[in-house]
1. Residues in region 214-232 that are open to solvent by 10 Å² or more (accessible area, probe 1.4 Å) and either under 16 Å from residue 184 (Cβ atoms) or without any contact (Cβ under 8 Å) to a residue 12 or more places away in the chain (or both): how many?
2. Considering only residues that are of a type outside the set (S, T, N, Q), touching a residue at least 40 places away in the same chain (Cβ under 8 Å) and in contact with a Ser or Thr (Cβ under 8 Å, 6 or more places away or on another chain), which ones fall in region 157-180?
3. Can you find a residue that is surrounded by fewer than 23 Cβ atoms within 10 Å (Cβ to Cβ) and of a type in the set (Asp, Glu) anywhere in region 58-70?
4. Might you let me know whether region 229-245 holds any residue that is under 13 Å from the mean Cα position of the chain (by Cα) and under 22 Å from residue 139 (Cα atoms)?
5. Please verify whether residue 189 is surrounded by fewer than 22 Cβ atoms within 10 Å (Cβ to Cβ), within 23 Å of residue 47 (Cβ to Cβ) and either without any contact (Cβ under 8 Å) to a residue 40 or more places away in the chain or not small (Gly, Ala, Ser) (or both), treating the condition exactly as stated.
6. Could you tell me whether any residue of region 257-266 is buried (at least 17 other Cβ atoms within 10 Å of the Cβ), among the basic types (Lys, Arg) and farther than 16 Å from residue 56 by Cβ?
7. Scan region 33-53 for residues that are open to solvent by 40 Å² or more (accessible area, probe 1.4 Å) and either out of contact with any strand residue (DSSP E or B) (no Cβ under 7 Å at 6 or more places or on another chain) or under 19 Å from residue 81 (Cβ atoms) (or both) and report the count.
8. I'd like the full set of residues that are in a strand (DSSP E or B), among the hydrophobic types (A, V, I, L, M, F, W, C) and without any contact (Cβ under 8 Å) to a residue 24 or more places away in the chain, limited to region 1-48.
Amino acid sequence: MKPATPGAVERAVQRRAPEGASEARDLVASEMPVALHYNDAPFAVLMASPGDVADLALGFSLSEAIVASAGELRIDGIEESVDGIAIRMAIPASSSEALDDRRRNLPGYGGCGVCGSADVESVLRAPPVVASELRIGENALHRALAQLHARQPLNAATGATHAAGFADASGDLLLVREDVGRHNALDKLIGAMAVAGIDAGSGFAVVTSRASYELAIKAAQAGIPLLAAISAPTSLAIALAASAKLCLVGFARDGHCGVYAHAGRLVR
């Protein structure tokens, strides 16, 4: 049995092979509902890994443009029960009023930061244009990706989680967060960056998933100039990245990549 890993639980498994079956114990990724409440009103339920949930709450609030800065959010309590985790937060009255137009139907689905939104406009909100003019070298990108593999202890134990990492311009990974949901992993990263005081415009993000439109919106909203995914982008992610001056990179692995938007940000 592998050593205990935060975010993983031990479960029985029957392993099957051509030569027969055997009983064993395995580590599987924990997944539970995380309910977000703003000013005592429920807003969304995310299906997420239970670790770093304060980072998740802050990052979600920033990437969904619920608050403009970390200073506008106060976490009043994190309550864990057999039903999941509830995070109670306080935000300015003006921000709370704006949520009435984006109120979500609970529960949310699959850890998706925008699933369950009441209207299309709240899902496809135009992200702000990325202000940073930073350019990243290809060597720095592949250096960060090489480091990312070794910074995923939960996935190494369970094979079931995504990771999002932020690297400086030289390709050194500064922070990594893991979660069963790719959107949650990026939100946890954005929240951790805000807590650490890391300027989002000073580096780039790498994710172990496809580049969906949700990730493009979240990266642009945070001010990250380049988002690289190990898998494919979607057409909407490319369009959103193009409008926001976000360099969008897909299939970033084994020294190769495809640049789908703002290729001038990634230099050889």
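The values are calculated or read from the model by the stated rules, or taken from the named source; none is laboratory data. What you see is a predicted model, and the numbers here were worked out from it, not measured in a lab. Using ideal geometry, Cβ is built from the backbone for each residue, glycine included, and neighbour counts are taken over all protein chains shown. Just so you know, the surface numbers come from the protein's heavy atoms only, side chains and all, with ligands and any DNA or RNA stripped out. Shrake-Rupley method; radii C 1.70, N 1.55, O 1.52, S 1.80 Å.
1. If we filter region 214-232 for residues that are open to solvent by 10 Å² or more (accessible area, probe 1.4 Å), which is where we start, we get 214, 221-223, 230-232.
Those still in the list that are either under 16 Å from residue 184 (Cβ atoms) or without any contact (Cβ under 8 Å) to a residue 12 or more places away in the chain (or both) too: 214, 221-222.
Residues in region 214-232 being open to solvent by 10 Å² or more (accessible area, probe 1.4 Å) and either under 16 Å from residue 184 (Cβ atoms) or without any contact (Cβ under 8 Å) to a residue 12 or more places away in the chain (or both): 3 in total.
2. 157, 162, 163, 164, 178, 179, 180
3. The answer is no; no qualifying residue exists.
4. Of region 229-245, the ones under 13 Å from the mean Cα position of the chain (by Cα) are 229.
If we keep only those that are under 22 Å from residue 139 (Cα atoms) too, we end up with 229.
There is at least one residue in region 229-245 that is under 13 Å from the mean Cα position of the chain (by Cα) and under 22 Å from residue 139 (Cα atoms).
5. Numbers: surrounded by fewer than 22 Cβ atoms within 10 Å (Cβ to Cβ): no; within 23 Å of residue 47 (Cβ to Cβ): yes; either without any contact (Cβ under 8 Å) to a residue 40 or more places away in the chain or not small (Gly, Ala, Ser) (or both): yes.
So residue 189 does not fit the description; no.
6. Going through region 257-266, the residues buried (at least 17 other Cβ atoms within 10 Å of the Cβ) turn out to be 257, 259-262, 265-266.
Now restrict to residues that are among the basic types (Lys, Arg): 265.
Next, from what is left, pick out any that are farther than 16 Å from residue 56 by Cβ: 265.
Yes, because at least one residue in region 257-266 is buried (at least 17 other Cβ atoms within 10 Å of the Cβ), among the basic types (Lys, Arg) and farther than 16 Å from residue 56 by Cβ.
7. Taking region 33-53 first, the residues open to solvent by 40 Å² or more (accessible area, probe 1.4 Å) are 33, 39-40, 42, 47, 52.
This time we only want the ones that are either out of contact with any strand residue (DSSP E or B) (no Cβ under 7 Å at 6 or more places or on another chain) or under 19 Å from residue 81 (Cβ atoms) (or both), so: 33, 40, 42, 47, 52.
Adding up the residues that qualify gives 5.
8. Quick first cut of region 1-48, residues in a strand (DSSP E or B) only: 8-17, 20-29, 32-38, 41-48.
Retained after the next criterion (residues that are among the hydrophobic types (A, V, I, L, M, F, W, C)): 8-9, 12-13, 17, 21, 24, 27-29, 32, 34-36, 41, 43-48.
Selection gives 9, 12, 13, 17, 21, 24.
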